[in-house]
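The values are calculated or read from the model by the stated rules, or taken from the named source; none is laboratory data. Since the model is a prediction, treat every value here as computed from it, not as a measurement. Cβ coordinates were reconstructed from backbone atoms using ideal geometry, including for glycine residues, and neighbour counts include every protein chain displayed.
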Ligand SMILES: [Cu+2]
């Protein structure tokens, strides 16, 4: 991890002391971390957060993954989200490679509306690579 990444992860107040106080599991900075791993899993598979929290998915595996919301399984008043910036599930499925998060890269989405959000990694959907975010 370079200095810039440390700054992004920990915030400016911790910049001088670099890793001091920077928890790998996080939470206190308003960011919920979810890992994508080599076992075709989102870890944790289910996350419960408060409205306004950002979820940051990190690809900790050697292969590409997507984070693609199931359009019919998010609150009706919520904004659609998908890695690659697609505005619909159909668009995301029509351009899978455009939504891939490469090894070591991240995708973030901030959840404003309460409810349950289900999402999938399109290339590994058949392996059961799905996740849920519950916003309180
Ligand atoms: Cu995947």
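Values for this structure:
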item	result
Residues of region 108-121 satisfying the condition of being buried (at least 21 other Cβ atoms within 10 Å of the Cβ) and either in a strand (DSSP E or B) or within 10 Å of the ligand (Cβ to nearest atom) (or both)	117, 119, 120, 121
Qualifying residue in region 30-38 (condition: within 15 Å of the ligand (Cβ to nearest atom) and in contact (Cβ under 8 Å) with a residue 60 or more places away in the chain)	yes
Odd one out for residue 34 among (1) out of contact with any helix residue (DSSP H, G or I) (no Cβ under 6 Å at 6 or more places or on another chain); (2) more than 14 Å from residue 130 (Cα to Cα)	(2)
Residues of region 73-89 satisfying the condition of being in contact with a helix residue (DSSP H, G or I) (Cβ under 8 Å, 6 or more places away or on another chain) and in contact (Cβ under 8 Å) with a residue 12 or more places away in the chain	82, 83, 84, 86, 88, 89
Residues being more than 16 Å from the ligand (Cβ to nearest atom) and under 12 Å from the mean Cα position of the chain (by Cα) - total across region 56-80	1
Qualifying residue in region 35-46 (condition: outside any strand (DSSP E or B), under 11 Å from the mean Cα position of the chain (by Cα) and surrounded by 19 or more Cβ atoms within 10 Å (Cβ to Cβ))	no
Test: residue in region 123-135 that is within 24 Å of residue 37 (Cβ to Cβ), touching a strand residue (DSSP E or B) at 6+ places or on another chain (Cβ under 8 Å) and part of a helix (DSSP H, G or I)	yes
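Every residue, every condition in (1) modelled with pLDDT of 95 or more; (2) not in a loop (DSSP other than H, G, I, E, B), yes or no:
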| site | (1), (2) |
| --- | --- |
| 6 | no, yes |
| 28 | no, no |
| 33 | yes, yes |
| 55 | yes, yes |
| 63 | yes, no |
| 75 | yes, no |
| 87 | yes, no |
| 92 | yes, yes |
